[in-house]
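Here is the structure we will look at.
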Amino acid sequence: MGSKNKLKRFQQNKTFSHVIEPGRDELMEGKFPLKGKWKSFFNNDNPIVLELGCGKGEYTVGLAKLDSSRNFIGIDIKGARLWRGAKTALEDNLGNVAFLRTQIELIDLIFAENEVDEIWITFPDPQLKYKRTKHRLTNKAFLDKYKIILKDEGVINLKTDSEFMHGYTLGLLHGLNCEILYANHDVYKNEGSPKEVMDIQTFYEKQYLEKGKPITYIKFTVK
């Protein structure tokens, strides 16, 4: 994508009322006004669901279409990608969708304790190199942050094409005595996966399937 197109998308994001771009200083200083008040943003008391590393927002939008009784927030640092999901949500008149441009490691500065009902992590970078472990979205440091913002009954979903990420996460969860509610090494060959896992496919997921890569899924808690 050319720099002019990126700049255009960045500018458009600023005009979208459902795109929030907090400054790092604002978050670090505890001045983010929506923390603990996200239901006022949506003007309802519906459950809040996050998609972390949402990219183009395909899963955020897909989930919102499947369930209008919940509010969905896609989070990513890359504004040019996030723009696509924001534009689609606007075109499809989805009032239960928002997008947040920020770093995921700041998530506990954006949401209050027990404010979030569910988290989706879809096709994250597995960060294969050992030195990149701290960037894996299911490492213990991230799980500790998720635990803060999730309600007691809140759940986390991991959908990935990376067998390494799947195995790494399962091993970590067992070690931490987390409750694994469901795990599947190949959701399209083995029965039993939830509807939202089967019915939504991202652009890259379709490419993975064409190459014969299995898609894995875990649903778990971090109590």
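When the test is whether a residue is surrounded by 17 or more Cβ atoms within 10 Å (Cβ to Cβ) and part of a strand (DSSP E or B), Ala64 does not pass it. Quick check on the range 119-137: of everything there that is more than 19 Å from the chain's Cα centre (by Cα) and of a type outside the set (Phe, Trp, Tyr), which residue is farthest from Met198 (Cα to Cα)? By that ranking, first place goes to Lys131.
Scanning the range 18-31 for residues that are loosely packed, with under 11 Cβ neighbours inside 10 Å and assigned to a loop (DSSP other than H, G, I, E, B), which turns out nearest to the chain's Cα centre (by Cα)?
If we take residues in the range 18-31 being loosely packed, with under 11 Cβ neighbours inside 10 Å and assigned to a loop (DSSP other than H, G, I, E, B), then Gly30 is nearest to the chain's Cα centre (by Cα).
Filter the range 91-126 down to residues that are surrounded by fewer than 16 Cβ atoms within 10 Å (Cβ to Cβ) and at pLDDT below 95, then give me how many there are. Total meeting the criteria: 1. Of the residues making up the range 172-188, those that are within 21 Å of Gly62 (Cβ to Cβ) and over 20 Å from the mean Cα position of the chain (by Cα) are Asp186, Tyr188. Residue under question is Thr15, and the condition is that it be surrounded by 19 or more Cβ atoms within 10 Å (Cβ to Cβ) and among the polar types (S, T, N, Q); does it hold? No.
Of the residues making up the range 74-84, those that are crowded, with 19+ Cβ neighbours inside 10 Å, more than 20 Å from Met198 (Cα to Cα) and within 13 Å of the chain's Cα centre (by Cα) are Ile75, Asp76, Leu82.
Only one of the numbered conditions (1) among the small types (Gly, Ala, Ser); (2) surrounded by 11 or more Cβ atoms within 10 Å (Cβ to Cβ); (3) within 26 Å of Thr88 (Cβ to Cβ) is not met by Gly36, and that is (3). Does the range 105-118 include one or more residues that are over 14 Å from His18 (Cα atoms) and without any contact (Cβ under 8 Å) to a residue 12 or more places away in the chain? Within the range 105-118, not a single residue is over 14 Å from His18 (Cα atoms) and without any contact (Cβ under 8 Å) to a residue 12 or more places away in the chain. Just one of the listed residues (Tyr182, Tyr146, Tyr168) is hydroxyl-bearing (Ser, Thr, Tyr), at pLDDT 95 or above and touching a Lys or Arg at 6+ places or on another chain (Cβ under 6 Å), and it is Tyr182.
Residue count for the range 66-114 satisfying the condition of being touching a Leu at 6+ places or on another chain (Cβ under 7 Å), acidic (Asp, Glu) and more than 25 Å from Lys134 (Cα to Cα): 0. Checking each residue in the range 32-55 for being within 11 Å of the chain's Cα centre (by Cα) and either over 22 Å from Glu153 (Cβ atoms) or modelled with pLDDT under 95 (or both) picks out Gly53, Cys54, Gly55. The set of residues in the range 85-104 being charged (D, E, K, R), in contact (Cβ under 8 Å) with a residue 40 or more places away in the chain and part of a helix (DSSP H, G or I) consists of Lys87 alone.
The values are calculated or read from the model by the stated rules, or taken from the named source; none is laboratory data. Because the structure is a prediction, the values reported are computed rather than measured. Backbone-built Cβ (ideal geometry, glycine too); neighbour counts: all protein chains shown.
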